[in-house]
């Protein structure tokens with residue numbers, strides 16, 4: 001097969017939406033197959049493209065039978081996938097622990113994602129009822145991290 005003809009064929013195929021093409025000429029048979037073109041041609045928009053970034057805080061009531069005391073609570077959820085750290089370094093004290101009072105804007109933890117340390121700050125004033133994740137544990141999007149009683 002002539003290199004020029006092959007080059008023309010490749011250029012032609014790049015402009016088309018074929019999934020599979022067979023070409024035969026002078027005893028040379030060429031079969032080209034692309035990955036599923038439907039996914040490339042008709043991308044489905046995600047809901048995340050149209051929505052603002054979610055807050056890691058979700059107002060909750062205790063589960064039935066769970067004894068947490070009186071008041072309203074928020075569950076702090078992970079806004080990203082990464083590794084949960086309770087302190088800024090292995091030698092440092094944890095940012096917060098069970099029973100600690102927190103102010104709005106206070107750092108609760110760090111989640112490392114792709115070598116970037118993301119500080120998760122409190123959006124409420126209250127008292128930490130429970131730290132739900134162990135230091136160094138991987139967390140997923142939406143995983144509960146803390147329960148904070150509002151004050």
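Read-outs: derived from the displayed coordinates by stated rules, not from any lab. Predicted model only: the values in this text are computed from it and were never measured. As a convention, Cβ positions derive from the backbone with ideal geometry for all residues, glycine included, and neighbour counts pool all protein chains shown.
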Item checked: Length gained when the stretch residue 25-residue 151 is fully extended (0.36 nm per residue, less Cα-Cα span) -> 37.4 nm
Next item on the list: Could I have the simple spin-label model distance between residue 135 and residue 5, label points 7 Å from Cα toward Cβ, reported in nm to one decimal?
Entry: 7.0 nm
Item checked: Linear extension gain, residue 101 paired with residue 121, 0.36 nm per residue minus alpha-carbon span -> 5.9 nm
